[in-house]
Amino acid sequence: MFDFSIVTQWFDAFLRQTLGLGDFWSILIECVLVGVAILVGYALLAIVLIFMERKVCAYFQCRLGPMRVGPWGLLQVFADVFKMLIKEIFFVDRADKFLYAVAPLLVIIGSVGAFSFLPWNKGATILDFNVGIFLLTAVSSIGILGIFLAGWGSNNKYSVVSAMRSAVQMISYEISLCLCLITAVILTGTMQMSGIVEAQTGPFKWLICQGHIPALLAFFTFLIAGNAEANRGPFDMAEAESELTAGHHTEYSGMGFGFFYLAEFLNLFITAGIAATVFLGGWAPLNIGIEAFDAVMNYIPGIVWFLGKAFALVWILMWIKWTFPRLRIDQILSLEWKYLMPLSLFNLILMTVVVALGLYIK
């Protein structure tokens with residue numbers, strides 16, 4: 001499998017040795033290019049996910065979805081983006097102008113920061129610290145603060161109720177999310193994102209295979225908790241249109257609303273991407289121990305494996321949203337505190353026993 005670090009090392013040597021740039025300018029140029037790549041990838045994935053959501057929703061409801069703008073409706077999202085860019089950005093009377101303005105920035109910063117931890121290919125992990133899982137959960141939590149400040153700063157009763165629901169729901173489900181990730185860390189022995197993927201390379205080494213029952217429990221719990229963390233249906237009580245209009249972003253327009261909209265869709269992909277990385281091997285191919293089959297699988301680029309797994313999970317989460325009815329806030333919190341968190345704690349102990357006794361696939 002191609003190692004993308006060969007390209008990055010060549011480019012670094014080109015800047016330092018061929019062009020004769022010093023450390024400062026080399027690092028500055030590399031950081032700018034990486035930042036541009038993150039933002040471009042973030043925007044392109046948002047466009048794909050918005051279009052995918054509309055088509056999946058349409059098919060589940062026996063409709064066609066957007067069809068008029070461009071062939072098969074492919075340009076509908078671009079038309080919506082253009083409309084959003086030219087809309088007026090206004091401020092609400094008697095709102096806290098500082099909190100109102102900073103809230104969308106916090107939401108998008110948390111989303112882009114978490115997005116930067118995803119390992120796209122071997123040697124193509126942007127933020128790859130030895131405490132990556134810890135930093136990932138910390139950075140992703142910034143979005144909760146942004147949502148709460150949006151509701152409070154808008155000085156709107158519907159937005160305040162939505163912000164309180166979001167804060168309670170997202171903070172609660174983060175407990176199960178973290179416990180599931182710790183379960184994976186115990187099995188792989190590392191918190192580094194690339195290290196977690198490397199631990200899953202080989203025949204039947206994906207975490208759901210080598211960790212069997214506790215890994216499967218952690219995987220399904222992570223999907224449920226991640227869906228709730230992203231405020232997706234059936235856990236979208238915070239944005240219940242029938243009673244809270246648009247929830248915490250009721251008073252936002254233009255790109256203020258656009259930041260919330262983008263973050264919601266990318267948080268869905270981030271949840272799927274983390275699940276694919278931690279439990280399904282990330283960019284690691286499917287190997288079953290048959291030499292010819294494994295050789296063919298290894299020829300498929302790592303980024304194709306990662307995107308294939310992530311979008312498969314995105315489709316499943318969209319399927320769940322458009323199948324199940326919205327839960328009440330008391331049902332959402334009961335599911336977490338009475339069922340998912342105790343299950344995650346038990347599963348954490350179970351995984352510790354499995355690893356201590358060597359009962360996993362080595």
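The values are calculated or read from the model by the stated rules, or taken from the named source; none is laboratory data. In this text, all values refer to a predicted model and were calculated from it rather than measured experimentally. Don't worry about glycine lacking a Cβ; one is built from the backbone with ideal geometry, like all the others, and counts go over all protein chains shown. These accessible areas exclude ligands, DNA and RNA; they are computed on the full protein's heavy atoms, side chains included. Shrake-Rupley method; radii C 1.70, N 1.55, O 1.52, S 1.80 Å.
Here are some notes:
- Rel. contact order, % - alpha carbon contacts under 8 angstrom, at least six apart, the chain: 22
- Alpha-carbon Rg/Rh ratio, for the range 49-179, with Rh computed the Kirkwood way: 1.05
- Sequence of 321, 87, 362 from largest to smallest accessible area, 1.4 Å probe: 362, 87, 321
- Distance (nanometres) between label positions extended 7 Å along Cα→Cβ at residue 175 and residue 91: 3.9
- Quotient of the Cα radius of gyration of the chain and 2.2 N^0.38 Å, N being its number of residues: 1.04.
- Placing +1 on the Cβ of every Lys and Arg and -1 on the Cβ of every Asp and Glu, with no other charges, gives the range 252-362 a dipole of roughly 260 debye about its Cα centre.
- Across all directions, the shadow cast by the convex hull of the range 97-140 built on its C-alpha atoms averages 3.3 square nanometres.
- Averaging over all projection directions, the Cα-based convex hull of the range 1-40 occupies 3.2 nm² in the image plane.
- Look at the dipole of the range 1-108 built from charges on Cβ: of 38, 76, 98, the Cα furthest out on the positive end belongs to 76.
- Value of relative contact order over the range 233-362, rounded to a whole percent, pairs C-alpha under 8 Å and six or more apart: 30
- Positive-end ranking of 301, 275, 52 along the dipole of the chain, with charges on Cβ about the Cα centre, is headed by 52.
- Cα-centred dipole magnitude for the chain, charges only on beta-carbon of K, R (+1) and D, E (-1), debye, nearest 20: 640
- Spin-label pair residue 141-residue 345: with each label point 7 Å from Cα along the Cα-Cβ axis, the two points sit 1.9 nm from one another.
- Cβ-defined net charge surrounding residue 27, 13 Å radius [Lys, Arg +1; Asp, Glu -1]: -2
- Over all pairs of different C-alpha atoms, the range 234-362 has a mean inverse distance whose reciprocal, the Kirkwood radius, equals 18.3 Å.
- Carbon + sulfur, % of accessible area of the range 178-322 - ligands and nucleic acids excluded, 1.4 Å: 74
- Ordering 356, 200, 167 by the projection of their Cα atoms onto the charge dipole of the chain, which places +1 on the Cβ of Lys and Arg and -1 on the Cβ of Asp and Glu, puts 167 at the extreme positive end.
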